[in-house]
Structures are given as structure tokens and as C-alpha cells.
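Peer 1: What follows is a single structure, and I will ask about it in a moment.
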Amino acid sequence: MAIDITQFHETFFEESFEGLDIMESGLLNLDIGAADNDTVNAIFRAAHSIKGGSATFGFSEVAEFTHGMETLLDEMRDGSRDVTQESVDTLLQSVDCLREMLGASRDKTPIDLERAEALKKELEKILSSDNNSIKSPSENDESKNTAPASESSGRDGWEIKFKPYHDMLRTGNDPVRMFRELAELGDLSVEIDISQLPALEDLDPEESYLSWKLTLKADVEKEKVKEIFEWVEDECDIEFNELSAATDKADNPANVMATATTAPPQTTDNSKKTAAPKKAATSTDSASIRVSIDKVDALINMVGELVITQSMIGQLDCDLDEFDNNRMEKLRDGLTLLERNTRELQESVMRIRMLPISFAFNRFPRMVHDLCQKLNKKIELKTTGEQTELDKTVMEKIGDPLVHLVRNSIDHGIEMPEERVAADKPETGIIELNAFHKGGNIIIEIKDDGAGFNKERIKAKAVERGLISSDEQLSDEKIYDLLFQPGFSTAEQLSDISGRGVGMDVVRRNIRELGGNIDVSSEMGKGTTFTIRLPLTLAILDGQLVCVGSEIYITPLVSIVESLQIKKEFVNNIAGQTELYKVRDDYIPIVRMHNIFGIDAEQKNLEGGLLVIVEGDGKKAGLLVDDLLGQQQVVIKSLETNYKRVDGVSGATILGDGTVALILDVDGLIELSRNPPTSGNTSTNQVREVA
Amino acid sequence: MASILAVDDSASMRQMVSFALKNAGHNVVEAVDGVDGLKAAKANKVNLVITDVNMPNMDGIALIKELRNLPDYKFTPILMLTTESAPHKKQEGKEAGATGWIVKPFDPDQLLATINKVLG
């Protein structure tokens, strides 16, 4: 029964891309001239696996290309070739090329063979260079393989003299197996020679004492017969004699030993392979995720407990008429347990989506290496907290902003080596990537010890762009905020690496879309730190339910600072418009929720009302609400997917009683309260209709 | 039906080998490297071991040597998965006690044909 091997393609691609990452980071870590053996071995193994897999699964171009890399790495591994910058660079480029080839194979698009050819030539050039004059073993072997003497037909068969050495059985080879195989080729007669058999008391049952004369009556090629004995050719004396009228062409054992297996030839016809789309292949673009067994086990464990709880509650329902206090108690216990199980189950499921942030960090060593070469800078990249876990979707979306920030640091942050020396700094700049958990968030820091931002220059630029007026007094925070304005770039000269003026605004927008934010702190001459704060997951939110009129809204717990009852004497009016509330030394604008959402509220007077003080994007505001309800975790449903984007609302959820509640977007609300939309509250009214 | 241990660090190869063997009605125990394989071999007495050669932690050659030292695996057939470009590995494997080898690339049918020979 034929097995469709395309079903293994997805796994193959997945592990191959992982292998490429291992190769890349390994190559970047190799010390030229004094390479660490374990690292070279790991790189070799990755290449070897990709080659083996691609050959097996029918990607012959990939296999062929990887062969050159593997050969070079093999020589590095056994010490017959030095690790040079040239070979490392060529291997790195080959890794890139291989990544593209694999990507094209996966997407079933044509492979760019030109680039592969060019790199293959380069690899061959390195391989044929002086460092080792010995031909690679594979080539030696192949020349051996290609010389099977074609036997003339017309023979009667073969006489085989087979005398295993004493220890042949110890490799698990059974003579009977070989005889059985021989018998499949034709008529076989077996003569046994027991002359070497010792007396019973001297017999070691683990040794072989017998020898055989086998007569095979079949017109088959010698290679076929020899193949059967291939595995034991070093563990026996064997002779093959052709059974024909006169000549006995004795084959001496030494000859037999020299022959190796002839594997099926690899096809090298590139065009044929790429042109024919593999129909049976299933779609490979479904995103998959690798989950450690621990997480799955925890999940199974949790489900087990849920089942126990269920059966515990199930036992109670036998007779509802006699529902006494005792049962009530048990039911309550059961429900408490159920609640705990549900929460733990939910946490375990969420954990499945979590990946270590090293997935996002891994691309940076290469990027730093490449850009340093291009810019002639010296930069060391340090990462900490690579094991910090983050939701897969958040991870995917944070990748590009991170790349942008790191590029900026390399290009504009870190100075040229000579400038650094002149400024009394070490020649090699340092870029740090740190990730850690803080509260319900994950914090990612991108820190460099470069030149830092020149605040005056930022201001001058902002004035030039008309973003601010020249006499405006700005706090540091405000100045750095300018960096995130669309079309703002401080770089004197645009380079092709960064500084095209697009980006920082996009960076911030992307991060905000993920429910996070970004801060900058910088010191002239000392360096810059970007701090990104992201929620751990996008799917669930810890929320405080608040009530305004007949509506229930959910305020993210992370953004709530405190809640208090309004005292009239702390309310201040400015210019009759904005109401401010004095909390200790802070004046906080009051946001009347019913106004923003255009609904009727019970509490329209500030006096005695409830104020929920929230913080978002560095700004605080007090939300006037009717009542505080409970706190609970809510599952976020996208409003944009189901309806459309609405200012001040980040999503919706379904409450325990089945009603829909809107989740407040605190940043948006604060913004909205400062600049109320001119055309009334149409959008929010629409939302209410939906809700 | 036999009980077979498949050792390979490559998930796709392991999947393919395992699928082919299970499809043919065998019991399959999987292991990801030599160390894992040795542990699995001790925990389950299998009738046949199929192992890759290049693996992290403990390679196939070392695994074969270890297995041959176990009384249970003195005569158990052990096949190694090797590539054509590594003939010296075959030699090394034989010296370590391998029964034979299957040359990569192979397809599931070739694999089954070979193991059927060994299992008899």
C-alpha cells in the first residue's frame, strides 16, 4: 500500500526552518579560527537533516544544494578545514538561499535556481581550495559505486560459499534471513558444513560455527546476490562462483568487501520537479504552533479534574424533591470547584498560545551582524529574558516594530567606532534587548549606548515641519512624543537602512493596536531606551464592570488607578468647559461617560457620583459612572471584525447573562474627551444599536 | 506484528517512519535522540531498532554500542538510517554492532521491504 508522503511535508518545512535558524545563529556565534566543536556539530546536523528530509520528501534541488553546505560543514567538523570568515559568510548566504528555496517549495512557487547555482559554485570553490587536498569521502565513494561490472547473461546460477565469522550473530544478522532472500531469487539448495561445531560442553550458543554452500539456480546478476550479503560482508568469508559450463570465476573476499551499496539515483532534473505541482499536497499555509508536552499534559490533567467535578455535581441530581441543605452545600462546593477548574483550564489553554520571545529575538543577531558589516560599525547584541512567553499573535505583530527600532539603534543610535573612541566610549557599542513580565504585561526594552537623541534638533525639526511653534515650551516627554508623529525623521542623511521618515508613527500605531504602548528615554551622549509594554494576550482581559444608565461597560483592570466618590469641593471648572478633579496633588479631567456615549445616566450630578480614575498613554482621566459592578475576566470579541471601529471602544464581550458589553478603550476615551467629535455621537449611538 | 523503536531527531522522518510502520501493523515507540532511544529501549523490549546516525546528545553509533551492551539487545536487529554520502558511517555502525542500514533517501515501501527481511 503506497503511503502519501506529502502529509509529512508540513512537519518537514517546520523543522527545516527551525534548522535554518539553528544554522544561522550557530554560524553567527562561530569564532573564526577557533570554532567551537559543539556549535559546528549542531550546524552540521541541521544541514544534514534538511538534506536527508528534502531528498526523502522529493525536494531534490534543495537536497542537492544542501549537499555542498553539508560537505563543507563536515570538513569543518572533523577538523580537516579551518573555519574562515569567507566560508562562514558563504554559508550564511547559503542559509538565506536555502530558506528561500524551502519557502518556494512550500508555497509551490518556482525556485530561484540562479542564485543557488552561484552559491553552489562558491561553495565548490571553497571546497576545492588548498586547505584540504583530500577529496571528500563521498566523492570517493561515488566513484566506487559507479563501477558495477555488468555481467553477461546466460549463466545457470551461482554457487555461494558462505562462512560467517564467530561473532556475526552479534550484529543481529541471521543467516536464515539471507537464505530466505536468496530463495526469492530462484531455486536454492543449501548444504551445511558442521565440521567446526564443537562438542556440546564447549559450545557457546552466541557464536556461529557453521558454514554453508549455497547453490542458487537463477539467472540473476551478481550484484543482486551480493546485495543480500551486503550487511555482513565484513563479518564472513564469502565466495561467489558463477555456475556455468566451465569457468569458475572465483571472487576473492577482498573484492566483495570493497563494494558498497548502490542507492537509487537522485534525479537532477530541476525543471521537471518544479513545474509539476504536487496535487496531493494539502494546504500548508494553515498556521501551526508547536506546543511542549508539559503544556498539553497540564491541559489533560485539568480536563481530568473537570470530569471529576462534573461527576461530583452529577451525583447530586438524583432526587430534586429532597433537596436539603446538605446537598445545597455540596452543590456549592461543586460549583466552586467548577469555577476553579474552568479558570485553570482557561489559563492552560492560553498557555498553549504562548511562545518564548526568543522567536522574535532570534533574527536580530544576524541583522546586527549584517548591518555592522555594511556600516563598518562595531556592535555587540545582548539579549535577556528570551524565555519570557508571549501570545503568538502578539509575537507576530511585534516583530516588525522591533526590527525597526533595532535598525534605528544600529543606524542612528550607535556611533562609528572612531567617534565612540573620541567620546571616551568603548569602541564596540552595545544594543540590549530585554524582555520581562511586569504586572499583567510584558515589557520589551531596546537599549543602546549610542549618541542619544538631541532634543534641540528634534524641536528644531518639529518647528520646521510645522508641528509646533518655535516658542513652545515642551517637556521631555512631549519632545520624544514628536518622534512618533507621521513624517518625522531627525537623521541628517537618509540611509537605505532606516531614516526614511516612515516608521516611528507606524511603530507606535502597531503597538497601540496590540493594546500596548511605547516610551522613550534618552540622554545625549549616553544612549536611548525604548520601552514597549504589551498585554500578555489579546484574547482575554481582566475587567471591571461599570454601569452607566442601563449600559454595562468594561474597563480594563490594568488601566484603573483607583475609584472614589466625588466630593464637590475637589471639582474645578476651567473656562466653563473642562471639569477637573483634584486627587492629592493631581488635577484630573472628568469624563462624563453618558455624554460621550450619548445615553441617559442616573448620576448626572458630580456630587456623590463615582469616579473611576484610569491611566492610559501616560495621561489620567476620571470616568464618571453610576455604579461599580464586579470584576471578571472577559473574552474579547473584536468589534471591527463584526461591526466597525468605534472611538473609545476597543471591543466587546458577552456577559454571563448573555448580554453584550462594550470594552472601553481608555486611551481613546481620554482622547475623545479632549477633542469631542464634532458631528455628535453618531458612531457610539450606532454601537448602542448593535449592543 | 512487531514492536519497533524508531529513533530520529528529525520530526518529519520520525513521523514518516512511524506512520509507515504503524500502517503495516507494527507497534512503534518513538525517540528523539540516542539518550531518549536508550531509555525507550530499556522501558520497552522491542524486536527491532531503527536509528538515525547524526543526532544531538547521543548519536546513533553510540546508541548501537550501548544497546549491544544490554542483555536484551544482544541479538536484536538494529538498522541505521544513513546517507549515501557517509559510507564511513556504515563501517562505524557495523563495528558498533549494527545489523545493517537503510540508505537515505528512501520511501516508505523501501523501508517496509527492508524491515520485513530483517523481521522474517
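Peer 1: With the stretch A:414-492 as the region, which helices (runs of 4 or more DSSP H) entirely inside it contain at least 1 residues that are farther than 18 Å from residue A:522 by Cα?
Peer 2: The helices (runs of 4 or more DSSP H) meeting that bar are A:417-422, A:455-464.
Peer 1: Which residues, counting only those in the stretch A:177-216, are more than 14 Å from every other protein chain (Cβ to nearest Cβ) and surrounded by 14 or more Cβ atoms within 10 Å (Cβ to Cβ)?
Peer 2: A:186, A:188, A:190, A:193, A:209, A:210, A:211, A:212, A:213, A:214, A:215, A:216
Peer 1: Restricting attention to the stretch B:71-120, which residues are within 7 Å of chain A (Cβ to nearest Cβ) and polar (S, T, N, Q)?
Peer 2: B:76, B:83, B:85, B:99, listed by residue number.
Peer 1: Same structure again: Can you spot a residue in the stretch B:32-54 that is of a type in the set (Gly, Ala, Ser), facing chain A (nearest Cβ under 9 Å) and in contact with a Pro (Cβ under 9 Å, 6 or more places away or on another chain)?
Peer 2: No.
Peer 1: Of the residues A:230, A:159, which is under 30 Å from residue B:70 (Cα atoms) and surrounded by 13 or more Cβ atoms within 10 Å (Cβ to Cβ)?
Peer 2: Exactly one residue qualifies, and that residue is A:230.
Peer 1: Among the residues of the stretch A:189-233, which ones are part of a loop (DSSP other than H, G, I, E, B) and either closer than 14 Å to residue A:169 by Cβ or of a type in the set (Ser, Thr, Tyr) (or both)?
Peer 2: A:195, A:203, A:204, A:205, A:206, A:207, A:208, A:209, A:210
Peer 1: Moving on. Within the stretch B:64-105, take every residue that is touching a residue at least 24 places away in the same chain (Cβ under 8 Å) and farther than 22 Å from residue A:234 by Cβ and give me the one that is surrounded by the most Cβ atoms within 10 Å (Cβ to Cβ).
Peer 2: B:70
Peer 1: Now for a separate question. Step by step: first the residues of the stretch A:371-392, then only those that are surrounded by 15 or more Cβ atoms within 10 Å (Cβ to Cβ) and assigned to a helix (DSSP H, G or I), then the one that is nearest to the chain's Cα centre (by Cα). Which residue is that?
Peer 2: A:392
Peer 1: Any residue at all in the stretch A:49-58 that's within 22 Å of residue A:116 (Cβ to Cβ), in contact with a Pro (Cβ under 6 Å, 6 or more places away or on another chain), at the interface with chain B (Cβ under 10 Å from one of its Cβ atoms) and among the small types (Gly, Ala, Ser)?
Peer 2: yes
Peer 1: Taking the stretch A:67-77 as the search range and keeping residues that are facing chain B (nearest Cβ under 10 Å) and acidic (Asp, Glu), which one is farthest from the chain's Cα centre (by Cα)?
Peer 2: A:74
Peer 1: Hey, could you check the stretch A:233-244 for residues that are charged (D, E, K, R) and either without any contact (Cβ under 8 Å) to a residue 12 or more places away in the chain or surrounded by 15 or more Cβ atoms within 10 Å (Cβ to Cβ) (or both) and say which is nearest to residue B:92 (Cα to Cα)?
Peer 2: Only one residue fits best here, namely A:234.
Peer 1: Where the second residue is assigned to a helix (DSSP H, G or I) and surrounded by 18 or more Cβ atoms within 10 Å (Cβ to Cβ) and the first is more than 10 Å from chain B (Cβ to nearest Cβ) and at pLDDT 85 or above and lies in the stretch A:157-175, which pairs have Cβ atoms under 6 Å and are six or more apart or on separate chains?
Peer 2: A:158/A:225
Peer 1: Kindly provide the set of residues from the stretch A:531-567 that are part of a strand (DSSP E or B) and of a type in the set (D, E, K, R), ordered by number.
Peer 2: Across the stretch A:531-567, the qualifying residues are A:533, A:542, A:551, A:562.
Peer 1: Please verify whether residue A:580 is outside any helix (DSSP H, G or I), of a type in the set (A, V, I, L, M, F, W, C), free of Cβ contacts under 8 Å to residues at least 24 places away in the same chain and assigned by TED's automatic domain parsing to the domain that holds residue A:653, treating the condition exactly as stated.
Peer 2: yes
Peer 1: Checking residue A:519 against (1) buried (at least 19 other Cβ atoms within 10 Å of the Cβ); (2) in the same structural domain as residue A:428 (by TED's automatic domain parsing); (3) modelled with pLDDT of 85 or more: exactly one of these is not met. Which one?
Peer 2: The failed condition is (1).
Peer 1: Give just the number: which of (1) more than 14 Å from every other protein chain (Cβ to nearest Cβ); (2) in a helix (DSSP H, G or I); (3) surrounded by fewer than 21 Cβ atoms within 10 Å (Cβ to Cβ) does residue A:18 not satisfy?
Peer 2: So the condition that residue A:18 fails would be (1).
Peer 1: Take the conditions of a type in the set (Ser, Thr, Tyr), within 19 Å of the chain's Cα centre (by Cα) and either outside any loop (DSSP other than H, G, I, E, B) or facing chain B (nearest Cβ under 8 Å) (or both) and apply them to residue A:11. Does it pass?
Peer 2: Yes.
Peer 1: Collect the residues in the stretch B:1-31 that are at the interface with chain A (Cβ under 10 Å from one of its Cβ atoms) and more than 29 Å from residue A:20 (Cα to Cα), keeping them in residue-number order.
Peer 2: Selection gives B:23, B:24.
Peer 1: Taking residue B:112 as meeting all but one of (1) more than 21 Å from residue A:7 (Cα to Cα); (2) touching a residue at least 40 places away in the same chain (Cβ under 8 Å), write down the number of the exception.
Peer 2: For residue B:112, the exception is condition (1).
Quick grid of which residues meet (1) among the hydrophobic types (A, V, I, L, M, F, W, C); (2) assigned to a helix (DSSP H, G or I); (3) not assigned by TED's automatic domain parsing to the domain that holds residue A:9:
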{"site": "A:52", "(1), (2), (3)": "no, yes, no"}
{"site": "A:79", "(1), (2), (3)": "no, no, no"}
{"site": "A:96", "(1), (2), (3)": "no, yes, no"}
{"site": "A:105", "(1), (2), (3)": "no, yes, no"}
{"site": "A:118", "(1), (2), (3)": "yes, yes, no"}
{"site": "A:125", "(1), (2), (3)": "no, yes, no"}
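Peer 1: Considering only residues of the stretch A:648-670 that are buried (at least 17 other Cβ atoms within 10 Å of the Cβ) and among the charged types (D, E, K, R), which is modelled with the highest pLDDT?
Peer 2: A:665
Peer 1: From the list A:306, A:320, which one is of a type in the set (A, V, I, L, M, F, W, C) and modelled with pLDDT under 85?
Peer 2: Of A:306, A:320, the one residue that is of a type in the set (A, V, I, L, M, F, W, C) and modelled with pLDDT under 85 is A:320.
The values are calculated or read from the model by the stated rules, or taken from the named source; none is laboratory data. Computed from a predicted structure; not experimentally measured. All Cβ positions, glycine included, derive from the backbone under ideal geometry; neighbour counts span all protein chains shown.
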